[in-house]
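In what follows, a single structure is set out as structure tokens and then discussed.
The values are calculated or read from the model by the stated rules, or taken from the named source; none is laboratory data. Predicted, not measured: the structure shown is a model, and the values here were computed from it. Here the Cβ positions follow ideal geometry from the backbone for every residue, glycine too, while neighbour counts run over all protein chains shown.
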Amino acid sequence: MHPVISASVPLLEPPGWATAQRELFDLLDRAWRRFARDFTGPDGRLLYTGELTSRDGVDDFYEVFFNWPQLYLLGGADDLLDQSEHHWEGVTRQLTELGMLKDEYERGYDWFHQGESLLLLYFLCMAAPDRWAGRARRFADLYVDPGHGNYDPERRIIRRPHNGSDPGRDGLSDGDSYPWLPKEARMYGFPLNWILPAGAEPPPLESDPRLGAEMRRRMGDGDTAVNLSAAGLVLNAWIVSGEQRYADWIAEYVGAWRERAAANGGLLPDNVAPDGTVGGLLEGRWYGGHYGWSWPHGWYSVGHAAIVAALAGAAVSGDDSYLDMVRPVLDEIIAQGKVMSFTEADSSITSKWIPQLGEDVATPTFHVPFRYEDEGWFDYNPMLMAVPTALWHHTASDADRARIERLRAAAGYDWRTVRSFRSKEEAGHEEPWLAYLAGDDPAYPEKILAAAQAQVRHRLSRMEKYRGWDVPEADIHLWQQSNPVVTEALVQLTWGGPQVVYNGGLQQARVRYHDAGARRPGLPAGVAALVSAIDPEATVVDLVNLDPEAARSVVVQAGAFSEHTIRSVEYSVCEDPSWIGDLYDYGHTAPVVTSASAVVEGPWLQVDLPRSSTVRLTLRLALRTRPPSYRGPFDDEPGQAAP
């Protein structure tokens, strides 16, 4: 049994963040139900009557629901988990009928997109490990078991950029040339731009060697850095099963890429030929592979895959030096940074930054290059904060924190600014959250909750506009852009973690919660939580029971996967009831709040919250002292998954 403490501080004036947080939960509950009603069929599939004519599209169906089970884990409605599973099943049947899946898994596509597709699966495994353990292992075995044809254990490579459940799906497209559009050519330029002689006239798209035979020969075979995101799939299987073979594969495969980066001066290369040599198909270039440094979107894809893999390596081994596969290249692009306004940059992803920067698009600020080719670094953008934030959240080290502080000092805009936007990753507010954790903006919780409300309401209006529309294949992103579930604010404020790394990561969190009464994950109804500091020596959590009549009990969990240990807790108490006053007093006095402490020495602490009560917990955590597990405080054998 885990220790139990009781809140005793009366809640008289509910803090604004607490009422706003519960209002957001209520709004989200109404919003996802309306989306399910208006955009999905009885069996859970999306309302779509067209075909999928290329290899692209699987991610666009699963991504719509990626954060629905995440919302359940945060404290969403009891039936949201069943609904999320219903949509996974329905979309899986739909995509199988469309010829995109084999045995419920992507037939063969790049891991930039596969990582996006699998976030829904990962959160379902986190929420209901017993029901999803079989699929978790079966899908990971496509890579861990060489018999499926994806992995070459001798050379420690994934054999091709497009990989999955269909070993017959090779190359990069099903036609003679890669389906590159003129708009893409203008935005991104062509891959393999060194193939054509200098000054040569570009041939038509359908006969351009950079999109045809040469692209298939030089980029359609061998390993590519974005395949590192497969480590997230295997890590998921390891957490759900505890089987050593999954840990061994991560150590072997990620370790191979780590060695290649070290041999390249710390810079992670993006391609490995079938014979195991870096640059073997690109005349020695460490860059230029599929979804690599020269391809859209450079660091955006390579960096996210690298941090997913590095965190997986650290999780299964306990060895944080896996993160050195990421730090040198991160520091290199920072060293190449320049101060300019975004309007002057050569960014190829303007659609991402314009809403995120708002009026600061014209403000001189620090930009880093996302891509590299023969002429050097190019494609300058503001720093994506997902990778440096994930590094610091994992290590809590002074060096990783100092990097963030240097980036803030170099920024030309105020990190405390909170804008209402929703990026594809359902992230992008790392800067103001980090400023809040640094103690610089106590108003942040209410500001980010207001921004989240705005986005839900915006999505509801978008849903109303497009309800009943016969969606053409070219516009299948409509569903993602209409998904009204927004979770970034709740993840930051209640779990003390960044939003999940979108291209295939697993959740990071300082704490998580379980409803002790309902024996399920998430905050109980009427309870709000705020993490205001995530220093392991002083992780500060406020819990508020807004219900004026009913008591609630919350189990606080250390880490997303109970991987941390709560050494001890100091908590606020009010032992003197005289604040209530006597029978004929018109008012009350201020409650006298003192503190008490308790030894915990485990991953869980139960907090009983009487009606209208609050408590501040200061947790002393020991990070990563336990094997990560999806099992919760109500399971008989923590760390063991059902078959």
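Residue pairs, Cβ under 6 Å, 6 or more apart or interchain, first in the range 525-548 and closer than 19 Å to Leu434 by Cβ, second crowded, with 19+ Cβ neighbours inside 10 Å and aromatic (Phe, Trp, Tyr). List them.
Leu530/Trp17
Just for the range 590-602: of the residues that are part of a loop (DSSP other than H, G, I, E, B) and free of Cβ contacts under 8 Å to residues at least 60 places away in the same chain, which one is surrounded by the most Cβ atoms within 10 Å (Cβ to Cβ)?
In this case the residue turns out to be Val592.
Kindly indicate whether Trp377 is surrounded by fewer than 21 Cβ atoms within 10 Å (Cβ to Cβ), among the aromatic types (Phe, Trp, Tyr), in a helix (DSSP H, G or I) and touching a residue at least 24 places away in the same chain (Cβ under 8 Å).
For Trp377, the condition - surrounded by fewer than 21 Cβ atoms within 10 Å (Cβ to Cβ), among the aromatic types (Phe, Trp, Tyr), in a helix (DSSP H, G or I) and touching a residue at least 24 places away in the same chain (Cβ under 8 Å) - is not met.
Please state which one of Arg55, Arg33, Arg107 is of a type outside the set (A, V, I, L, M) and under 26 Å from Ala450 (Cβ atoms).
After applying the criteria, what remains is Arg33.
Being buried (at least 24 other Cβ atoms within 10 Å of the Cβ), at negative phi and not in a helix (DSSP H, G or I), is that true of even one residue in the range 489-498?
Yes, the range 489-498 contains a residue that is buried (at least 24 other Cβ atoms within 10 Å of the Cβ), at negative phi and not in a helix (DSSP H, G or I).
So, of the residues in the range 336-366 that are of a type in the set (S, T, N, Q) and part of a loop (DSSP other than H, G, I, E, B), which turns out to be nearest to Arg258 (Cα to Cα)?
It comes out as Gln336.
Tell me, which helices (runs of 4 or more DSSP H) wholly within the range 18-137 include 3 or more residues that are touching a residue at least 24 places away in the same chain (Cβ under 8 Å) and small (Gly, Ala, Ser)?
The qualifying helices (runs of 4 or more DSSP H) are 111-127.
Scanning for something of a type outside the set (Phe, Trp, Tyr), surrounded by fewer than 16 Cβ atoms within 10 Å (Cβ to Cβ) and part of a loop (DSSP other than H, G, I, E, B), does the range 206-224 turn up at least one residue?
No - not one qualifying residue is present in the range 206-224.
Look at His393 and say whether it is part of a helix (DSSP H, G or I), out of contact with any Gly (no Cβ under 8 Å at 6 or more places or on another chain) and buried (at least 16 other Cβ atoms within 10 Å of the Cβ).
Answer is no for this residue.
In this structure, does Asn150 turn out to be surrounded by fewer than 23 Cβ atoms within 10 Å (Cβ to Cβ) and within 27 Å of His297 (Cα to Cα)?
Yes: the conditions hold for Asn150.
Please tell me if Gly288 is assigned to a loop (DSSP other than H, G, I, E, B), on the phi > 0 side of the Ramachandran plot, in contact (Cβ under 8 Å) with a residue 12 or more places away in the chain and surrounded by fewer than 23 Cβ atoms within 10 Å (Cβ to Cβ).
So Gly288 fails the test.
I'm told Leu281 meets every condition in (1) crowded, with 24+ Cβ neighbours inside 10 Å; (2) over 15 Å from Ala256 (Cβ atoms); (3) hydrophobic (A, V, I, L, M, F, W, C) except one. Can you identify the failing condition by its number?
All conditions pass for Leu281, except number (1).
Checking Ile333 against (1) under 22 Å from Tyr188 (Cβ atoms); (2) not in a helix (DSSP H, G or I), which single condition isn't satisfied?
In the conditions (1) under 22 Å from Tyr188 (Cβ atoms); (2) not in a helix (DSSP H, G or I), Ile333 misses (2) alone.
With the structure loaded, tell me whether Pro442 is of a type outside the set (Val, Ile, Thr), within 30 Å of Leu623 (Cα to Cα), in contact with a Leu (Cβ under 8 Å, 6 or more places away or on another chain) and at pLDDT 95 or above or whether it fails that test.
Here the answer is no, as Pro442 does not meet what is asked.
Residues of the range 439-460 being surrounded by fewer than 21 Cβ atoms within 10 Å (Cβ to Cβ), small (Gly, Ala, Ser) and in contact (Cβ under 8 Å) with a residue 12 or more places away in the chain, which ones?
Selection gives Ala450, Ala451, Ala454.
I'd like the residue in the range 461-471 that is part of a helix (DSSP H, G or I) and either at pLDDT below 95 or in contact with a Phe, Trp or Tyr (Cβ under 9 Å, 6 or more places away or on another chain) (or both) and, out of all such residues, is surrounded by the most Cβ atoms within 10 Å (Cβ to Cβ).
Met463
Quick check on my filter: what residues within the range 508-531 are within 22 Å of Pro388 (Cβ to Cβ) and surrounded by fewer than 19 Cβ atoms within 10 Å (Cβ to Cβ)?
none
Out of everything in the range 348-374 that is of a type outside the set (Gly, Ala, Ser) and closer than 22 Å to His290 by Cβ, what residue ends up being surrounded by the fewest Cβ atoms within 10 Å (Cβ to Cβ)?
Asp374
Please state which one of Ala452, Ala399, Ala409, Ala474 is touching a helix residue (DSSP H, G or I) at 6+ places or on another chain (Cβ under 6 Å), in a helix (DSSP H, G or I) and either modelled with pLDDT under 95 or small (Gly, Ala, Ser) (or both).
It is Ala452.
Working carefully through the options Leu196, Leu192, Leu228, find the one that is surrounded by 14 or more Cβ atoms within 10 Å (Cβ to Cβ), in a helix (DSSP H, G or I) and not hydroxyl-bearing (Ser, Thr, Tyr).
Leu228
Are any of the residues in the range 327-341 free of Cβ contacts under 8 Å to residues at least 40 places away in the same chain and either crowded, with 17+ Cβ neighbours inside 10 Å or within 25 Å of the chain's Cα centre (by Cα) (or both)?
no
Among the residues that make up the range 579-587, is at least one of them more than 30 Å from Phe634 (Cα to Cα) and not in a loop (DSSP other than H, G, I, E, B)?
yes
Listed here are the residues, each with its yes/no results for (1) buried (at least 20 other Cβ atoms within 10 Å of the Cβ); (2) in contact with a strand residue (DSSP E or B) (Cβ under 8 Å, 6 or more places away or on another chain); (3) of a type in the set (Asp, Glu).
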{"residue": "Ser8", "(1), (2), (3)": "yes, yes, no"}
{"residue": "Leu12", "(1), (2), (3)": "no, no, no"}
{"residue": "Trp17", "(1), (2), (3)": "yes, yes, no"}
{"residue": "Ala20", "(1), (2), (3)": "yes, no, no"}
{"residue": "Trp32", "(1), (2), (3)": "yes, no, no"}
{"residue": "Phe35", "(1), (2), (3)": "yes, no, no"}
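Just give me the residues in the range 155-167 being touching a residue at least 60 places away in the same chain (Cβ under 8 Å) and in a loop (DSSP other than H, G, I, E, B), in sequence order.
Those that are touching a residue at least 60 places away in the same chain (Cβ under 8 Å) and in a loop (DSSP other than H, G, I, E, B): Arg155, Arg156, Arg159, Arg160, Pro161, His162, Gly164, Ser165, Asp166.
If I filter the range 292-322 down to residues being buried (at least 21 other Cβ atoms within 10 Å of the Cβ) and over 17 Å from Asn227 (Cα atoms), which single residue comes out as nearest to the chain's Cα centre (by Cα)?
Top of the filtered list is Ala315.
Check Ser568, Ser572 and return the single one that is crowded, with 17+ Cβ neighbours inside 10 Å and either assigned to a strand (DSSP E or B) or of a type in the set (Val, Ile, Thr) (or both).
The unique qualifying residue is Ser572.
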